Structure formats: C-alpha cells, structure tokens
1. Restricting attention to the range 41-67, which residues are at pLDDT 90 or above, of a type outside the set (G, A, S), in a loop (DSSP other than H, G, I, E, B) and out of contact with any Gly (no Cβ under 9 Å at 6 or more places or on another chain)?
2. From I102, I69, I78, I56, which residue is touching a residue at least 12 places away in the same chain (Cβ under 8 Å), surrounded by fewer than 14 Cβ atoms within 10 Å (Cβ to Cβ) and farther than 20 Å from I6 by Cα?
3. If I filter the range 56-69 for residues that are within 12 Å of the chain's Cα centre (by Cα) and either over 14 Å from K92 (Cβ atoms) or not hydroxyl-bearing (S, T, Y) (or both), do I get at least one hit?
4. So, in the range 9-38, how many residues would count as being surrounded by 12 or more Cβ atoms within 10 Å (Cβ to Cβ), more than 20 Å from Q104 (Cβ to Cβ) and either in contact with a Gly (Cβ under 6 Å, 6 or more places away or on another chain) or not aliphatic (A, V, I, L, M) (or both)?
5. Can you say whether A72 is touching a Gly at 6+ places or on another chain (Cβ under 7 Å) and of a type outside the set (S, T, N, Q), as far as the supplied structure shows?
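The values are calculated or read from the model by the stated rules, or taken from the named source; none is laboratory data. All figures in this text were calculated on a predicted structure; none of them were measured in a lab. Here Cβ is always computed from backbone atoms with ideal geometry, including for glycine, and neighbour counts include all displayed protein chains.
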Amino acid sequence: ESYGSIMEGVKSIKSGNSLLVFPEGTRSKGNKMNRFKPGSFKLAELTGVPILPITIDGAYHLFEEKGKIQSARVYLTIHKPIITRDLAEEEKKELPGKVFSIVQTGMKRNL
C-alpha cells in the first residue's frame, strides 16, 4: 500500500467523504474469500471512523464463470458498524480477522 494513497484517503475522510475499501485487494475468483490485507484498515485506524462491513455474495458469477460479464444474482448483506475510535493496539491487530469473520457470515447463500 502506498503511504500517499492512505494519506489522501485520510484527507478525504476528514473532509466529510465516505470511502469504499475492498480489503481483499482484488476480486475473488469463486465463492471463497481471499485473506484481508491489514493495510486496508489503516484509514479507519488513523481517522477513527467506523467500519461498515458489507458482504457481496455471488459477484464472481458476473465475471468468472464464462470469461465475460453475464447476468447473475448478487446478494448484499450490510452488517452492523464496527466502532474504531479509541481501539487498543491489540484490537487494531484483530480488525482484519474480525471483519473477515463478519463478512464471511453473509457468504452462506452460495456455500
């Protein structure tokens, strides 16, 4: 991750904007989620904004099955926000795993 990109994101958040972050860093190629990159949580750590986990389930059907975009059912699950203000260092380290587990609960539809 680029320090400059993170600081640009921090500036944007402090200006009142919301940001959408895909913590895997890429699309999943199937119904299994990739590990979340710890750097994707730096914006929340540095600004104290809450994280709103969202599961996008089935998007891989759109792109991966036939090598071109096709119609498919995609399910969104919006989970409860995670408060990040004043987290202890240990809690910050646990954020990627915690959010991964929460998002994974929404993947039950296609398992």
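1. Listed by number, the residues that qualify are V49, P50, L52.
2. I78
3. yes
4. Qualifying residue count for the region: 3.
5. Spelling it out, A72 is indeed touching a Gly at 6+ places or on another chain (Cβ under 7 Å) and of a type outside the set (S, T, N, Q).
Residue by residue, here is whether (1) assigned to a helix (DSSP H, G or I); (2) over 19 Å from P50 (Cα atoms); (3) of a type outside the set (G, A, S); (4) at pLDDT below 95 holds:
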{"residue": "I69", "(1), (2), (3), (4)": "no, yes, yes, yes"}
{"residue": "R73", "(1), (2), (3), (4)": "no, yes, yes, yes"}
{"residue": "K93", "(1), (2), (3), (4)": "yes, no, yes, yes"}
{"residue": "P96", "(1), (2), (3), (4)": "yes, no, yes, yes"}
{"residue": "V99", "(1), (2), (3), (4)": "yes, no, yes, no"}
